[in-house]
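Heads up, the thing below is written out as structure tokens.
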Amino acid sequence: MTITNDIKYIGVNDHNIDLFEGQYIVPNGMAYNSYAIIDEKIAIMDTVDGNFTDEWLSNLKEALGTRKPDYLIVQHMEPDHSANIMNFVVEYPEAKIVASAKAFVMMKNFFGTDFSDKQIVVGEGDTLSLGKHNLTFVTAPMVHWPEVIVTYDSTDKVLFSADGFGKFGALDVEEDWACEARRYYIGIVGKYGMPVQTLLKKATNLDIDTICPLHGPILNDNLEYYINLYNIWSSYQPEEEGVMIAYTSVYGNTKKAVEELAKKLEANGCPKVVVNDLARCDMAEAVEDAFRYSKLVLATTTYNGDIFPFMREFINHLTERNYSNRTVGFIENGSWAPTATKVMMGMLEKSKNLTYMTTNVKLMSALSEDSLKQIEELSKELC
Ligand code: FEO
């Protein structure tokens, strides 16, 4: 794949992966992107996952023909991109490695060497000329590891954005960008909104025609759309008006209350109602939905003096990703001493700028006249 006259795609698609980063299901696989900038000097932008050494080296050789790379630019040391650094060095011992100082420390930890005879250490604003192409390095710490740099090619106006603007899904599968980019962003980078905001501010000073991320498609039209979504996500603002109801239910009674609430919200004309059963859905999708919509209802049972484990896990996912700036309502169930709402509110104390509904729904085992009235009230408050 040719990106510009001088920039070629040499990445790979992974359809064998079971869980990306050990936890995320990726029904449409994953792409590990890598690029070759072919000029008087040749730079390779990152390597790929360790299961694709031969395919990547073969792509690289095909793109370069008889020539050999002069530089391997390592923007990010997570192994989905860095696993083949040693294989590259064995294949091309003359090439230099360009990376941040922190990345070289990580190389020593991963490979037992920091390649001291090949090092070119770069930091904020440093440049590298390949001939016609001038590269500028921009530090992007915690997007989403501390050693990350992104690289701007001012000649072709290309930003190599490391994990930024990446998504789940292999490149040979057509799918909506935002859905899997959002699940990827919230799940993997979501905690690091401030560093992403810092990077976005730096990017506003660059004239960008094309974004080349390390995952997902190359972006070369309507870049404002993608940058705007990144701005919303990283500033923890809701992307859409709507209510996301996350629930757990042991015997179906809490579920009935949730269904009743969803029905009433729809009857009230709520623009969007999304329901997730936390024991059965993809947790990462539920977390994504919580960040996507403006309002959240948490419905769960009191369990072992606490709350049902899937709900505890869900709220932990939210708070560790700085969930904030939303409206939240509660439904609790408990056959003898319901305390779930108190526990959930306590967990959310870590979150900033949450608005709580005045009506909390309390079930003593099953729906009753009282709890149905509370659901009616809650639905009016929410929508
Ligand atoms: Fe795609 Fe943070 O590695």
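The values are calculated or read from the model by the stated rules, or taken from the named source; none is laboratory data. Not measured: the values here are computed from a predicted model. Note that each Cβ is placed from the backbone with ideal geometry, even for glycine, and that neighbours are counted across all protein chains shown. Accessible surface is based on the protein model in full, side chains and every heavy atom, while ligands, DNA and RNA are left aside. Shrake-Rupley method; radii C 1.70, N 1.55, O 1.52, S 1.80 Å.
List pairs: first in region 212-230 and in a loop (DSSP other than H, G, I, E, B), second open to solvent by 70 Å² or more (accessible area, probe 1.4 Å), Cβ under 7 Å, 6+ apart or cross-chain?
ASN220/ASP209
Could we say that GLU78 is in the same structural domain as LEU214 (by TED's automatic domain parsing) and open to solvent by 60 Å² or more (accessible area, probe 1.4 Å) here?
On the way: in the same structural domain as LEU214 (by TED's automatic domain parsing): yes; open to solvent by 60 Å² or more (accessible area, probe 1.4 Å): no.
In short, no.
Answer with yes or no whether ALA170 is within 16 Å of the ligand (Cβ to nearest atom), farther than 18 Å from TYR71 by Cα and among the small types (Gly, Ala, Ser).
Against the criterion (within 16 Å of the ligand (Cβ to nearest atom), farther than 18 Å from TYR71 by Cα and among the small types (Gly, Ala, Ser)), ALA170 qualifies.
Quick one: GLY164 ticks every box in (1) within 14 Å of the ligand (Cβ to nearest atom); (2) more than 21 Å from the chain's Cα centre (by Cα) bar one, so which box is it?
(2)
Looking at LEU318, LEU298, LEU382, LEU378, which one is crowded, with 20+ Cβ neighbours inside 10 Å, modelled with pLDDT of 95 or more and under 18 Å from TYR236 (Cα atoms)? Explain how you work it out, then say what you get.
Values: LEU298 fails: under 18 Å from TYR236 (Cα atoms); LEU382 fails: under 18 Å from TYR236 (Cα atoms); LEU378 fails: under 18 Å from TYR236 (Cα atoms).
Step by step, each of LEU318, LEU298, LEU382, LEU378 is checked, and only LEU318 is crowded, with 20+ Cβ neighbours inside 10 Å, modelled with pLDDT of 95 or more and under 18 Å from TYR236 (Cα atoms).
Where residues in region 182-212 are aliphatic (A, V, I, L, M), open to solvent by less than 20 Å² (accessible area, probe 1.4 Å) and touching a strand residue (DSSP E or B) at 6+ places or on another chain (Cβ under 9 Å), which of them is nearest to the ligand (Cβ to nearest atom)? It would help to see each step written out before you state the result.
As a first pass, look at region 182-212 and keep what is aliphatic (A, V, I, L, M): 186, 188-189, 194, 196, 199-200, 203, 206, 208, 211.
Imposing the further condition that a residue be open to solvent by less than 20 Å² (accessible area, probe 1.4 Å) reduces the set to 186, 188-189, 196, 211.
Filter again for touching a strand residue (DSSP E or B) at 6+ places or on another chain (Cβ under 9 Å), leaving 188, 211.
Numbers: ILE188: 7, ILE211: 15 Å.
Among those that are aliphatic (A, V, I, L, M), open to solvent by less than 20 Å² (accessible area, probe 1.4 Å) and touching a strand residue (DSSP E or B) at 6+ places or on another chain (Cβ under 9 Å), it is ILE188.
Criterion first (open to solvent by less than 20 Å² (accessible area, probe 1.4 Å), touching a residue at least 24 places away in the same chain (Cβ under 8 Å), in contact with a strand residue (DSSP E or B) (Cβ under 7 Å, 6 or more places away or on another chain) and within 16 Å of the ligand (Cβ to nearest atom)) does VAL48 satisfy it? So that I can check it myself, show each step before the final result.
On the way: open to solvent by less than 20 Å² (accessible area, probe 1.4 Å): yes; touching a residue at least 24 places away in the same chain (Cβ under 8 Å): yes; in contact with a strand residue (DSSP E or B) (Cβ under 7 Å, 6 or more places away or on another chain): yes; within 16 Å of the ligand (Cβ to nearest atom): yes.
Judged against the criteria, VAL48 is a match.
Quick check on my filter: what residues within region 157-166 are under 20 Å from GLU78 (Cα atoms) and open to solvent by 10 Å² or more (accessible area, probe 1.4 Å)? Talk me through it step by step, then tell me what you get.
Going through region 157-166, the residues under 20 Å from GLU78 (Cα atoms) turn out to be 159-166.
Of everything in region 157-166, those that are under 20 Å from GLU78 (Cα atoms) and open to solvent by 10 Å² or more (accessible area, probe 1.4 Å) turn out to be LEU159, PHE165.
Within region 131-145, can you find the residues that are at negative phi and open to solvent by 50 Å² or more (accessible area, probe 1.4 Å)?
LYS132, ASN134, PRO141, TRP145
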